[in-house]
1. Can you tell me how many residues within region 518-542 are touching an Asp or Glu at 6+ places or on another chain (Cβ under 9 Å) and of a type outside the set (Gly, Ala, Ser)?
2. Among the residues of region 77-84, is there at least one that is outside the structural domain of PHE303 (by TED's automatic domain parsing), assigned to a loop (DSSP other than H, G, I, E, B) and modelled with pLDDT of 95 or more?
3. Are there any pairs, at least 6 apart or on different chains, whose C-beta atoms fall under 7 Å, with the first in region 535-559 and over 29 Å from TYR147 (Cα atoms) and the second aromatic (Phe, Trp, Tyr) and crowded, with 19+ Cβ neighbours inside 10 Å, and if so, which?
4. Mind listing whichever residues of region 100-119 are closer than 21 Å to ALA148 by Cα and either in contact with a Leu (Cβ under 8 Å, 6 or more places away or on another chain) or in a strand (DSSP E or B) (or both)?
5. Looking for whichever is outside the structural domain of PRO297 (by TED's automatic domain parsing) and acidic (Asp, Glu) here; the options are GLU387, GLU349. Which one fits?
6. Quick one: ILE180 ticks every box in (1) out of contact with any Leu (no Cβ under 7 Å at 6 or more places or on another chain); (2) crowded, with 20+ Cβ neighbours inside 10 Å; (3) at negative phi bar one, so which box is it?
7. For the list (1) crowded, with 19+ Cβ neighbours inside 10 Å; (2) modelled with pLDDT under 95, I need the number of the one condition that VAL294 fails.
Amino acid sequence: MKIWLLTTEYPPHFGGGIATYSDITTRIWAEHGHEVTVFVVDNTLDAMQVTEENSLRVVRFPNHSTPHLEALGYGARLSYYYAHWVQHFLELDGAPDIIESQEFSGIAAHLLQRKRTLDPLFRYLAVIITAHSPKFVLDPIERAPVYAFPDYWLGEMERFSLKAADGAICPSHYLKSSLIRELGNFEATVIPNPYVVPAVGTQEPGDRLLYVGRLQYLKGILTLLDTLSQLWRRHYPLSLDVVGGDSYFHPRGISMRTFIEQRYQQEIQQGKLVLHGPMTPRQLAVFYDHAKAVILPSLFENFPYVAVEAMSHSRAVLASKTGGQADLIRHGISGWLFGPESLARQLEELAQIPPSHIKSIGEQARRDIEPIVDPERIYGQKLNYFERILESPKNVRHFPFVRPLFTQSVPVPNLAIKPGSPQLTVVIPYYNLGMYLMDTLDALEAVPDISLEIIVVDDGSTDGISIATLHRAQRQYSRVRVLRKANEGLAATRNDGARLASSPYLAFLDADDQVDSRYYARALEMLAHYDNVSFVGAWAQYFGETQGVWPAWNPEPPYALYHNPLNTSALVYKTEHFLRYGLNDPEMEYGMEDYESMVRLLANGCQGVVIPEPFFLYRIRDDSMSRGFNMDNLMLLYQWVMEKNPEFYARYHKDLILLFNANGPQYLMDNPTWPTAVHEMARRK
C-alpha cells in the first residue's frame, strides 16, 4: 500500500506527542513493506527537500511567504503548501492509496477543500484524519481568547478537516466524545496510538512526585500546585519535580513559568517544588526511575504519552479522569484516577502507601500498557480501517459544512436541461463600461464545453462609446442578448437579468471582470453533484491597477455574518434558489447588495462553497464602486445588512459579539488568517 502522512512534527524535530506518533507509525508501515512518504514543514530550509530515511521518503518544505500568497497568514498558507506539495507528487508519482493527516492547525484543510470541490486531481483521494490536539477544543480549556484571528480561523480549519475527511481516527474514547459534542454529526473509530515499550529494569520507587509536561494551564499544573501548596502547609512529605517546557499564560499575559515562580516562590525556596525545564528522553528516564509516582493532572488529554511512558517504566500514575488516561489506567490496580474533588485525598493516600505496594502497582501498569500500545496490534487495526475506507462509497452528495444552518430545508429544484436550452445564463450588468465589455465577452467565448446564454443588461448607459459597444457585441457574439432599460441601479439590473434566465444555473459577472475558462464547468459540476449547495464562488485574481490574490472561504456563519468571506459579485447559483431567496435589494443603493443577497440565501438554508483557485479575475480600477466606499458608508451598509436579516443575526449574537470584541469592527477586516490591528494593539498593552 502507498501511504502518505501529513504532519507538523517528525524526527529529528520533536515537539510532543505528534512527533512520537509520526515516528513510530511511519517506521512500522515501512517495516511491513508499504511505500511511505512523509510531508512535514521545516522552516530551516529555503526550498523543498526530499530525503530517504530508513526506507521512508521525507518531503520537507518551508512555509515562506511569496507575492502570490502574501494574503494568507501563516496557518492558512501552511495548509496551502501541504496541498501544493501533495499535488506536486501526485503529478510525479500518481495517487497514494491513503493520505493520513493530523487535524491540528488544519494542515489538511486546503487539500480537503480541493477534494470536496471536485478538483480532478484530488477528488478521488482517500483522506483520513487522525485527531491529536484540536485547537478548537483545547483553547477554551486553556483559557485562551478563542475568537481572535487567526487562532479562531485555525479552529475552523480543524473543524472542516475532521468533517470533510473520508474517515477519522481518535486515539481515545474521551477525545471522540469531545469531538462529537463539538461537531454534532461526527463519526470516528478509536484506535490507540502506538508506542515502543523500552526494555528497562524495575527500579525501586523513590520519595518524590514527578510531573512531566508543558507548564500549561490545560495540563492542570496550577490545579496540582494549588493542592500541593495546601498540603505542604500541613507538612505533606512528598516534594514535586516538574519537567517540561514553558507556555504563555493568557489570563496573566506572562509565561506560565514566570507565574509559577512568582506564586510559589516560598515552595521553590524550601525545595518542595523544583522546576527542571525540558529534558531529553534519556535524561527524563532517570526521573521516571526514581519517582514514587507520576502525576498527570490534565484538564484535558487525548492520548497522554506521559502516562504511557511512565507506565512503561513501571511507574505508578495518579491521573485525572478528564482524558485518554482513563482508557489506560485501571483504578487501584495499575494506577489511580481522580476527579475534581478528590486530588488532595488521593495525594494524601499516595504518601501513605508503602514502597512495596507502589512497586507492584507500577509493575502491573507496565503489564497493562504493553498490549494497549503494541505497534503490531495497532498496525493491524489501522490497516483494517484503511481497507474499510477504501471499500466505502465515495460519491458523497452532501458537502461537509462545518455547522448546520438550523433553517428550513431548501427544496431541490428540477435541474433537468431541456434539449436546445443553455446550461448556464451569465448576466452582465452594464453601465458606461464600453472600454472593458469586449474583453469580458472574449473571456466568456473561451469557456469550453458549456452551453452559455449571455445577457447584457444595460442600466441606461449615457456614454456614446459604451452604447456603440453594445451594438458591436450583439453583432460579434451570437450568444449575447442585450436588454436596455432606464437607469435603476446595480441591484435592479442584476434582478432584471436573472428573471430572463432560461437555464437551470445562473452567474453574474460585472462588465469589467473576467473568469478563468475552468470556473463555470467546475461550478456547474458542484451544483449538480451536491444536493445541499446552492451557489459557488472562487478565489479572486486581481488585475488592472493592482496585482495579487483575494483568498475566499466557504460562507458559513458566524464568520459570514461578521465579514464577507468571498467576492459575491461573480457567484454561480441554482437559478431557482436565487430567484426565490437571493434577488438583490434595490434599497442597498450604496453597495453590498450582493453581500446582503448572500446573507439572505444563508438565512433561508441556501449554502455556498468556494473553489480554492483564483478562477475569478477581478479588475481593480480607481473609479470602481467599491473604491468609493468610506467608513461612514461601510458602517451604514453593514447596519442595513443586519437590519434586513434580524432573526438570522440574532441566532448568532453571542459569536458575533465575541468576534467584534476580539477583532474590532467589520470594516477594518481583511481576512481571518491574519491578526487584526485591534488584536495586535491589545496584545501589546
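1. 5
2. If we filter region 77-84 for residues that are outside the structural domain of PHE303 (by TED's automatic domain parsing), which is where we start, we get 77-84.
Applying the additional criterion that residues be assigned to a loop (DSSP other than H, G, I, E, B) yields none.
So far as region 77-84 goes, no, none of its residues is outside the structural domain of PHE303 (by TED's automatic domain parsing), assigned to a loop (DSSP other than H, G, I, E, B) and modelled with pLDDT of 95 or more.
3. Correct list of pairs: TYR542/TYR618.
4. Answer for region 100-119, where residues must be closer than 21 Å to ALA148 by Cα and either in contact with a Leu (Cβ under 8 Å, 6 or more places away or on another chain) or in a strand (DSSP E or B) (or both): GLU103, SER105, GLY106, ILE107.
5. On the way: GLU349 fails: outside the structural domain of PRO297 (by TED's automatic domain parsing).
None of the others qualify; the one that does is GLU387.
6. ILE180 satisfies every listed condition except (2).
7. Result: VAL294 passes all but (2).
Yes/no matrix, rows are residues, columns are (1) within 27 Å of VAL536 (Cα to Cα); (2) touching a residue at least 40 places away in the same chain (Cβ under 8 Å):
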{"position": "LEU56", "(1), (2)": "no, no"}
{"position": "SER65", "(1), (2)": "no, no"}
{"position": "GLY75", "(1), (2)": "yes, yes"}
{"position": "SER79", "(1), (2)": "yes, yes"}
{"position": "LEU92", "(1), (2)": "no, no"}
{"position": "GLU100", "(1), (2)": "no, yes"}
{"position": "HIS110", "(1), (2)": "yes, yes"}
{"position": "ILE128", "(1), (2)": "yes, yes"}
{"position": "PRO140", "(1), (2)": "no, no"}
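The values are calculated or read from the model by the stated rules, or taken from the named source; none is laboratory data. Here the structure is a predicted model, which is why all the values come from computation and not from measurement. Neighbour counts are summed over all protein chains in view; Cβ atoms, including those assigned to glycine, are modelled from backbone coordinates with ideal geometry.
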